[in-house]
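To keep things clear, I will list the structure first and then write my remarks on it.
The values are calculated or read from the model by the stated rules, or taken from the named source; none is laboratory data. All of these numbers come straight from a predicted model, not from anything done at the bench. Virtual Cβ from ideal backbone geometry, glycine too; neighbours counted across all protein chains shown.
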Amino acid sequence: MSKNTTVSNSVIRRLPRYYRFLGDLLSQNVAKMSSRELSEKMGLTASQIRQDLNCFGGFGQQGYGYNLAELYKEIGNLLGIDNQVKTILIGAGNLGRAIASHIDFNKRGCNLIAIFDSDESLKGTEVAGMSVHHISKLHEFCKENEPVIAILCIPKTGAQAVADDLVSMGIKAFWNYSHYDLQVNYKDIIVENVHLGDSLLTLTYRVNNQ
């Protein structure tokens, strides 16, 4: 399978959904499925599924459909599931602790290697089997371990400054929960801003405007 470097962001954002649905189907011992059958499961059109997957090369066979195990593996490769990118988390408050404890990073291509916080009282406490480091140790740690991704679970007011510091330490991507739309002025930095409140407001809008 060849990767197309011009794939649209909307297609990329659907890949994790394909991966999740395929994993569920495989757990039910479903071995193969046509694009039409898959579309019925996912609420997409068969044409949309074929177009999405064709962005990455040929899949499926006429009259047979998709081999789900092979497709699951290929999409996992696209998503980098086995790469285990070194990841750190900044902010060991309630949100940071919940994310560290309840997300299976290894199944999502990440290796969470350290957690940091500026609160002295949290230094040495355990979260997800790791001891929390004080933020003063961040530069030394990054120099020695070269993490690539940083998860920000910190107040909005400090997000930009912390991000700038992390970029100078070699961080290449952010999963940002800080409620600040991170605009890092570095062309090669990847940012995923996560606004849980926005998602809830979208839900309430739909409830109130059915």
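Quick check: anything in the range 134-150 touching a helix residue (DSSP H, G or I) at 6+ places or on another chain (Cβ under 9 Å), outside any helix (DSSP H, G or I), surrounded by fewer than 17 Cβ atoms within 10 Å (Cβ to Cβ) and not aromatic (Phe, Trp, Tyr)?
Scanning the range 134-150 turns up at least one residue that is touching a helix residue (DSSP H, G or I) at 6+ places or on another chain (Cβ under 9 Å), outside any helix (DSSP H, G or I), surrounded by fewer than 17 Cβ atoms within 10 Å (Cβ to Cβ) and not aromatic (Phe, Trp, Tyr).
Got a number for residues in the range 1-15 being assigned to a helix (DSSP H, G or I) and either without any contact (Cβ under 8 Å) to a residue 40 or more places away in the chain or in contact with a Ser or Thr (Cβ under 9 Å, 6 or more places away or on another chain) (or both)?
So the count comes out to 5.
Residue by residue through the range 16-60, note down the ones that are touching a strand residue (DSSP E or B) at 6+ places or on another chain (Cβ under 8 Å) and not in a helix (DSSP H, G or I).
Ala31, Lys32, Met33, Ser34, Phe59, Gly60
I'd like to verify a number: residues in the range 165-191 that are charged (D, E, K, R) and at pLDDT 95 or above, how many?
Final tally of qualifying residues: 2.
Could you tell me which residue of the range 146-161 is farthest from Ser178 (Cα to Cα), considering only residues that are modelled with pLDDT under 95 and not basic (Lys, Arg)?
Ala161
Would you please list the contacts, defined by Cβ atoms under 9 Å and residues six or more apart or on different chains, that run from a residue in the range 87-115 that is at positive phi and in contact (Cβ under 8 Å) with a residue 12 or more places away in the chain to a residue that is β-branched (Val, Ile, Thr) and assigned to a loop (DSSP other than H, G, I, E, B)?
As it stands, the answer is Gly91/Ile154; Gly109/Ile81, since those pairs meet every condition given.
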